[in-house]
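*Asks:* Below is a structure I'd like to ask you about.
What follows is calculated from the coordinates using simple rules that are stated; it is not laboratory data. Keep in mind that what you see is a predicted model, and the values were worked out from it rather than measured. Quick reminder, even Gly has a Cβ in these numbers, built from the backbone with ideal geometry, and neighbours come from all protein chains shown.
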Amino acid sequence: MEVSKQFSNRKKKKSRRRWAAALLIAGALILAVGFLFFHPAAEKEKTAQSPLDQAPSVISEPFSKAQSAAPPVAVSVELAGFLNRLNKQNTRYGWSDIRLTDIRWEYHRKTRNHHPLMFAYYGDETNNCMLFMGGVHGDELPTVYLMFRLAHYLQENPEVVKGRCVVIAPLVNPDGYLADRPTRTNAAGVDLNRNFPTRKWHSDAHRHWATKGRKNKRYYPGSKAASEQETLFQIALIKRFKPQKILSVHSPLNFFDYDGPSADLDSFEQWMEQISREANHPLRKFGYYPGSLGNYAGNERNIFTLTLELPTSDPARGEEYFRRFQPAFLKFIGLPVVGTPPNTRLVKK
Ligand SMILES: [Zn+2]
């Protein structure tokens, strides 16, 4: 009896040890599986395998309050592909000093041809914002170079944006710009500087296009106001950053033009006359266009809006134009304006 009891106890101990070992193995297995499926690094690897499943980076978070430009720059697969394409174009145009991946781009919208509508901003987005835009017309090549260079400049000279915020959308019309033969209009044949939903767009835009524009396809205002993603993109930037000032670069008409709050337009004009003299670049009032940025932002929203028309659309002259107009850009950044649109005014010295 004693022997059999001892035997039975040994058997029980052995069985308990086996259970303990099994539990240990099961625990280890659960931990391993958990690590593989839920560990952030493992998650990252899974998403990185498929570009379509790419986890949204800081760049594609919907209108995030991301920090202003500072390395390292996170780039989605989609944006990396686009920047690569732009780099090839830059090389073709001889713009060897542009390093697109050094800039913290943000985008939320894409064009018909799936190109990101990107922008970068410098400084504190909550006050004294201004907006710079290039490449609104896709065949105005050096305008894009000027905006890339300005982005580099602001990144390297943060004191310029101290106490203010500068937003740069260097390429508003990537579809036109990246076409085999660059076009003024976007992929749908719409002139993006005639598509803004200005008050009289409905009654005037098509009539104006037929009479003054003689139905030239290059100036087609679209089937309705704000029909284009590129227009909505510019409107979204204006709504988010509430810029007091906008500078839009075009070519090749060779002048400065301006629009702004009618109550304060004389002061802006005086300031523009001085800038025009210093840059040795003529000042001209280009006239009224339904659906234009000057009308939408300057006349209807009291944003001080400056249009710079470069003398040519020759990409080889980008560097020369940047040197020539950089002082005007910096003066425009420094132009003191108070208030939020539509209650903006220049601060007189
Ligand atoms: Zn233009």
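*Asks:* If you take the beta carbon distance between LEU253 and ASP204 as r and set R0 to 22 Å, what does 1/(1 + (r/R0)^6) give as a FRET efficiency, to the nearest 0.05?
*Replies:* After rounding, the FRET efficiency stands at 0.50.
*Asks:* Of LYS217/LYS245; LYS212/LYS348; LYS110/LYS224; LYS110/LYS217, which pairs sit farther than 27 Å apart, going by alpha carbon to alpha carbon?
*Replies:* Among LYS217/LYS245; LYS212/LYS348; LYS110/LYS224; LYS110/LYS217, the Cα-Cα distance tops 27 Å for LYS217/LYS245; LYS212/LYS348.
*Asks:* Is there a quick way to get the dipole size of the range 74-147? I mean about its Cα centre, with the Cβ of Lys and Arg at +1 and of Asp and Glu at -1; what is the value in debye to the nearest 20? Present the calculation step by step, with values, prior to reporting the outcome.
*Replies:* Details: 8 positive and 8 negative charges, 75 e Å.
Computed charge dipole of the range 74-147: roughly 360 debye.
*Asks:* Related question: Which one, ALA279, VAL338, THR307, is farthest towards the positive end of the dipole of the range 249-339 when Lys and Arg carry +1 and Asp and Glu -1 on their Cβ?
*Replies:* The Cα lying farthest towards the positive end belongs to ALA279.
*Asks:* With +1 assigned to the C-beta of every Lys and Arg and -1 to the C-beta of every Asp and Glu, and no other charges, what is the dipole magnitude of the range 78-346 about the Cα centre in debye, to the nearest 20?
*Replies:* With only Lys, Arg, Asp and Glu charged at Cβ, the dipole is about 760 debye.
*Asks:* With a 10 Å Cβ neighbour count serving as the proxy for reagent exposure, in which order, fewest first, do VAL161, VAL166 appear? Don't jump to the answer; show the numbers that get you there.
*Replies:* Details: VAL161 20, VAL166 27.
Going from sparsest to densest Cβ surroundings: VAL161, VAL166.
*Asks:* Could you give the length gained on full extension between LEU232 and ARG277, defined as 0.36 nm per residue of separation minus the Cα-Cα distance, in nm? Write down the numbers at each step before the final one.
*Replies:* Values: separation 45, 0.36 × 45 = 16.20 nm, distance 3.49 nm.
Length difference between fully extended and current span is 12.7 nm.
*Asks:* At 0.36 nm per residue, minus the direct Cα-Cα distance, what do GLU269 and LYS215 gain on full extension? Give it in nm, one decimal, please.
*Replies:* Stretched out fully, the GLU269 to LYS215 stretch lengthens by 16.2 nm.
*Asks:* Under 15 Å from the Cβ of LYS224, count the other residues' Cβ atoms, weight Lys and Arg +1, Asp and Glu -1, and hand me the total.
*Replies:* With Lys, Arg at +1 and Asp, Glu at -1, the neighbours total 0.
*Asks:* Within the range 122-212, list the trypsin sites (Lys or Arg not before Pro) lying in a DSSP loop whose Cβ has at most 10 other Cβ atoms in a 10 Å radius.
*Replies:* LYS162
*Asks:* Pop the C-beta distance of LYS239 and ASP97 into the FRET formula with R0 = 25 Å and round what comes out to the nearest 0.05.
*Replies:* Working: r = 33 Å, r/R0 = 1.33.
Once the sixth-power term is evaluated, E becomes 0.15.
*Asks:* Now a separate question. What net charge is computed for the residues neighbouring ALA187, neighbours being all others with C-beta under 11 Å from the C-beta of ALA187, Lys and Arg scored +1, Asp and Glu -1?
*Replies:* Charge balance in the 11 Å sphere: -2.
*Asks:* Between the range 121-171 and the range 211-286, how many Å separate their Cα centres?
*Replies:* Cα centroid to Cα centroid, the span is 16 Å.
*Asks:* In debye to the nearest 20, how big a dipole does the range 238-304 give about its Cα centre with +1 on each Lys and Arg Cβ and -1 on each Asp and Glu Cβ?
*Replies:* Taking the Cα centre of the range 238-304 as origin, the dipole is about 360 debye.
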